[in-house]
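K.L.:
Okay, here's the structure, questions in a sec.
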Amino acid sequence: MDTHVLGLYVAAVFLAMIAPGPDMMFVLATGMRGGARAGLLATLGVVSSEIVQITAVAAGLSALFAEVPVAFTVLRLCGAAYLLYLGVQALRSARRGRSLEGSQPGEWVSGRYAYLRGAVTNLANPKSVTFVVALP
């Protein structure tokens, strides 16, 4: 393994992970709503799903998508549909004058909810999936 390429990959992944997107917005919103613990658990969910994605790519997911480009398109469209669903839910809640999930800032947020929603948000993020699959 070329350590120079590995270093470039790690740097690129770091920059992509700190760039604002659905994952970052979810972590910030969860932290604001549920406090530092909820924000940390949401972050751990995002990171866990990044590890799952990188492991899948290392196991040959990139080769599968190269052979069957329609599968990659379907995966990206499913992710985009999930993010669209989250956006519609946010707009509907704002229109009703409520925050998402009916909670107010400072209210308790389940650690399980924060972790799992962070993982699902990242797994469904087309930017994240595209980046991890395309970069290696």
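K.L.:
Taking only C-alpha pairs under 8 Å that are 6+ residues apart, what is the relative contact order of the chain in percent?
P.N.:
Details: 129 pairs, mean separation 59.2, N = 136.
For the chain, the relative contact order is 44 percent.
K.L.:
Packing-wise, with mean Cβ within 10 Å as the measure, how do 8-18, 32-42 rank, highest first?
P.N.:
Numbers: 8-18: 12.3, 32-42: 19.5.
Highest mean packing first, the order is 32-42, 8-18.
K.L.:
What does the extension gain come out to for residue 37 and residue 77, with contour length at 0.36 nm per residue minus their alpha carbon separation?
P.N.:
Details: separation 40, 0.36 × 40 = 14.40 nm, distance 3.20 nm.
Full extension from residue 37 to residue 77 adds 11.2 nm.
K.L.:
Compare the Cα positions of 72, 32, 120 along the charge dipole of the chain (+1 at Cβ of Lys, Arg; -1 at Cβ of Asp, Glu; about the Cα centre) and return the one farthest towards the positive end.
P.N.:
Of the listed residues, the answer is 32.
K.L.:
In debye, nearest 20: dipole of the range 3-134 around its Cα centre with unit charges on the Cβ of K, R (+) and D, E (-)?
P.N.:
On the way: 10 positive and 5 negative charges, 110 e Å.
So the magnitude is around 520 debye.
K.L.:
Hey, another quick one. Let me know the Rg and Dmax you get for the range 52-97 when you use only its Cα atoms, in Å.
P.N.:
Cα only, the range 52-97: 15.7, 47 Å (Rg, Dmax).
K.L.:
Run the simple label-point estimate for residue 8 and residue 63 please: 7 Å along Cα→C-beta, distance reported in nm.
P.N.:
Between residue 8 and residue 63, the label points sit 2.3 nm apart.
K.L.:
Using 7 Å Cα-to-Cβ label points, what is the residue 116/residue 19 separation (nm, one decimal)?
P.N.:
Distance between the two pseudo-spin positions: 3.1 nm.
K.L.:
Let me ask something else about it. So, counting K/R as plus one and D/E as minus one, what does the shell of residues with Cβ under 15 Å around residue 124 add up to?
P.N.:
Details: positive: 76, 117, 127; negative: 23, 50.
Within the 15 Å Cβ shell, the charges total +1.
K.L.:
Mean residue ellipticity at 222 nm from the helices of the chain, using -39,500 (n - 2.57) per DSSP H segment of n ≥ 4 over the full residue count, to the nearest 500 deg cm²/dmol? Intermediate results must be reported in sequence, preceding the final value.
P.N.:
On the way: 7 runs with 105 residues, N = 136.
-25500 deg cm²/dmol, from helical runs alone.
K.L.:
In degrees between 0 and 90, to the nearest 10, how far off the longest principal axis of the chain does helix 22-34 point, with axes built from Cα atoms?
P.N.:
In the chain, helix 22-34 runs at an angle near 30 degrees to the longest axis.
Where a number appears in this text, it was derived from the coordinates with a stated rule and is not lab data. All values reported here derive from a predicted model rather than from experimental measurement. Note: ideal-geometry Cβ built from the backbone for every residue, glycine included; neighbour counts use all protein chains shown.
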